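Heads up: the structure comes next, in structure tokens.
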């Protein structure tokens, strides 16, 4: 899932992000490589295109992805 979105640079839907949160918590997922690479692409896209790239709802989704990365990082320790 992360690889496809990373390659295309598209933001995941809210439903996908919520499903990932549930999966990470229920399956003790600890491998953050793909989510970190994806966040790097999303952040880079936002910085290249400026604040108009993402509206409030998209910025909220990015925040949810960042929260997901934090959960994965905490589990990996």
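The values are calculated or read from the model by the stated rules, or taken from the named source; none is laboratory data. These numbers come from a predicted model, not from an experiment. Cβ coordinates were reconstructed from backbone atoms using ideal geometry, including for glycine residues, and neighbour counts include every protein chain displayed.
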Kindly establish whether residue 11 is on the phi < 0 side of the Ramachandran plot, touching a residue at least 12 places away in the same chain (Cβ under 8 Å), in a loop (DSSP other than H, G, I, E, B) and surrounded by 14 or more Cβ atoms within 10 Å (Cβ to Cβ). yes
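In the set 5, 40, which member is under 14 Å from residue 65 (Cα atoms), within 10 Å of the chain's Cα centre (by Cα) and free of Cβ contacts under 8 Å to residues at least 24 places away in the same chain?
Answer to the selection: 40.
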If you take the residues of the range 43-77 that are in contact with a helix residue (DSSP H, G or I) (Cβ under 6 Å, 6 or more places away or on another chain) and free of Cβ contacts under 8 Å to residues at least 40 places away in the same chain, which of them is surrounded by the fewest Cβ atoms within 10 Å (Cβ to Cβ)? 53
Among the numbered conditions (1) exposed (fewer than 14 other Cβ atoms within 10 Å of the Cβ); (2) closer than 17 Å to residue 10 by Cα, tell me where residue 27 comes up short. (2)
Scan 48, 53 and give me the residue that is outside any helix (DSSP H, G or I) and either modelled with pLDDT of 95 or more or over 14 Å from residue 20 (Cα atoms) (or both). 53
